[in-house]
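Engineer: Please see the structure below; I have some questions.
The values are calculated or read from the model by the stated rules, or taken from the named source; none is laboratory data. Everything numeric in this text was worked out from a predicted model, so none of it was measured. Cβ placement follows ideal geometry from the backbone for every residue including glycine, while neighbour counts extend to all protein chains displayed. Heads up: the accessible areas ignore ligands, DNA and RNA and are worked out on the full protein's heavy atoms, side chains in. Shrake-Rupley method; radii C 1.70, N 1.55, O 1.52, S 1.80 Å.
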Amino acid sequence: MAQGTRAGRDGWRAAALLTPAFVGLCVFVIGPALVSAFVAGTDKNLTGPDFHWVGTANLREALADPDLGQAVRNTLVYCLLTVIPSVLFGLLLALAAERVTRGRAAVRFALFLPASANIVAMAVVFEYIFDSSPEGLANTLVGFVGIDPVNWLGDRATALPVVALVGGWRLTSFVFVVYLAGLTAIPRSVYEAADVDGVRGLARLRHVTLPLLAPTTVFLGVFVTVLTLQTFETVAVLTEGGPLDSSTTIIYYIYKVGFTGSFRIGYASMIALLLLVAVVLVGAAGALLGRRVRVARQLDGVGEPGARGAVAEGGRS
Amino acid sequence: MTSEAARPRHRAGAGQASGRAGGRGQTHGPKRPAGASRGAVPRWSSLSAVGRFGFLAVGITAALLPFLWMLRTALGPPQNALRLSANPIPSSVGFGAFENAWQAGDLGPALLTGIGVSLAVLALQLLTGIPAAYAFAWVPFRGRGPLFAVVLATLLVPPQVTAVPNYVTISALGFADTRVGLVLPFMTQAAAIFLLRQYMTTIPVSVLEAARMDGLGTLRTLRTVVVPLSMPAIATVSVFSFLLSFNEYLWPLLVARSPDIATPPLALAGLATRTSAFPDFTQLAAGSLIISLPTLVVFVVAQRRLTAGITGTGLAT
């Protein structure tokens, strides 16, 4: 009985604490998402108030839409070109920067810069760097190795990779920030223990550092993938999806269909809904993987408890 | 999550164990210099040190290059802009472009709007996020898991999906084309709740029990115990929140119709389109640098706290 009242009191306490946050989330995220899910079944157009329920017509149209297919392929290419390189380079940079003893602050400052940069401002600058003229910075650089000037943002073959390069440039810095934090969290004692056991250099990286960073890696993999699936600014400022839709990502296609030209917000919502399903699947896969990584760490004893055991053994021998 | 709660104590234990092993370790002579605590970590061979510094140098160059390019363009004469030409160092240096950009782009008011909006968003996110995070971390109530999952799921909703319904809501409330309209939709941020909650779970139970014994109510416990203990996480959330709102592009694009409430990215984009007939690249580069400054300053000032905050949130190790 006493427990019941205690639980009841907790319930009211929780409700009071959660209400402000849930008002915000319901009014500006959950509600609108549900509205979008409804609109996805209509022929709603932003230019007029009238709309009709069209059932699965939008879904059928989306599945057969060649432009959407192109946008999906572009987005997958973009992900492939950004996610793995940015996580890999971010990790390597963090590993290298962590060992720097002199000029530490300056090194970190330089590598933090891209993450804090304004993407619109950076896109403007990258537009000049990848200017089509032979005297543009990128063309001057490739000129040194004897490559003819490239119309970077105006060529179907290079537009998407260049946009991905700009996105990856920024993501790498973000990954670096998170990995650096992860590395600082590894206690010195774990390395000392590994040292006593004769585990050094690459072996230490493989058997100690990387396993301890596994949860960070899973988080970054999922988070960065979700971020890149929602790429908008770089495309909007650098190429506007062109040339000939060669750099149109899914989100940019949604923007194009819903907010420009025909203003078909109903159809745009259906595409957004499909994207949401894809993103949720990625998120769920990440959550499962994250759980498995944690469990595996406990079973293997690669974590702090295991390392502590190693220290104890080293002390005894 | 209990494992995370237990971690700080755990780490302290590992530290003690290592102190002992470190002392003994030297007696049976691992090949490393004794002394300095950092020296306990084996140094990499000089070859890999060269590789490491080479890699760092490449990374730092890549991170800085666009900023240096911006600076060079902004400082040099217009005919030098965009083109690398014969001399990469501008033939003459002047600050005229900064003055032009400042005036032509109305950057002063835009910066004030940007900073004001970002701070207001941050205040609301902390006001809604801290109580919610506390409830999810420490108040046992029915449906806590599923509700927390709902909060996390909102992270996956692409902003483009909610843009149109939010625009309708903001207009209906009479906040279209106002600063309030720029702020409100971001009043609650699931990522902030998540990070704060992860950090709060590391507060020892005994501290909260003591607060309860002293007869502190929930709000006073929050204010006098939980918030001071959670400062690293609050700092991290603040930095990321400020960066995101200051750089937000899509929502201001939809809501801020009149130029006098333009945010910095909008002002910059306006500068780009207004000058497109005869683009003054020096002015655009100067504008890009000006609007990048506030976030750079925030990032640099906060970088140490940032690492500490990420470390405590359970994202790392």
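Engineer: Bin width 20 Å, alpha-carbon pairs only: give the P(r) of chain A as whole percents, running from 0 to the bin holding the largest distance.
Structural biologist: Spelled out per bin, shortest first, that is 24, 46, 27, 3, 0.
Engineer: Provide the solvent-accessible area of B:Arg144, counting protein heavy atoms only and rolling a 1.4 Å probe, rounded to the nearest 10 Å².
Structural biologist: Solvent-accessible area, nearest 10 Å²: 80 Å².
Engineer: A further question follows. HN-Hα J couplings of the range A:38-50 from phi, Karplus 6.51/-1.76/1.60, θ = phi - 60°, integer Hz, Gly and Pro as x?
Structural biologist: For the range A:38-50, the Karplus curve yields 6, 4, 4, x, 10, 9, 3, 10, 5, 7, x, x, 6 Hz.
Engineer: At q = 0.11, 0.16, 0.22 Å⁻¹, what base-10 log of I(q)/I(0) does the Debye formula yield for the range A:1-132 when every alpha carbon is treated as an equal point scatterer in vacuo?
Structural biologist: Those come out to -0.92, -1.06, -1.27, one per q.
Engineer: Top to bottom by accessible area (1.4 Å), largest first, where do A:Lys256, A:Lys44 land?
Structural biologist: Highest to lowest solvent-accessible surface, that is A:Lys256, A:Lys44.
Engineer: Top mean-square fluctuation among A:Phe174, A:Phe223, A:Phe51, Gaussian network model of chain A, C-alpha springs under 10 Å?
Structural biologist: Fluctuation is largest for A:Phe51.
Engineer: Next up: Obtain the nm distance between the two label points defined at B:Leu65 and B:Phe95 by a simple spin-label model: each point lies 7 Å from its Cα along the Cα-to-C-beta direction.
Structural biologist: Each label point lies 7 Å from its Cα, and together they span 3.0 nm.
Engineer: So, R0 is 25 Å and r is the distance between the beta-carbons of B:Leu254 and A:Val23; what FRET efficiency does that work out to, to 0.05?
Structural biologist: 0.70
Engineer: Quick one: Karplus J couplings for the range A:142-154, per residue in order, coefficients 6.51, -1.76, 1.60, θ = phi - 60°, nearest Hz, x for Gly and Pro?
Structural biologist: Going residue by residue, I get 5, x, 4, 9, x, 8, 5, x, 10, 8, 3, 8, x Hz, with x marking Gly and Pro.
Engineer: Could you pull out every residue, at least 5 positions away or on a different chain, whose amide H is within less than 5 Å of the one on A:Thr42? Hs are placed 1.01 Å off N in the peptide plane, and Pro or chain starts have none.
Structural biologist: A:Val54
Engineer: Using the Kirkwood radius over Cα pairs, work out the Stokes-Einstein diffusion coefficient for the range B:233-273 at 25 °C and 0.890 mPa s, in µm²/s as a whole number.
Structural biologist: 220 µm²/s
Engineer: Say each of A:Arg99 and A:Thr56 gets a label point 7 Å from the Cα, pointing the same way as Cα to Cβ; how far apart are those two points in nm?
Structural biologist: Spacing of the two 7 Å Cα→Cβ label points: 5.8 nm.
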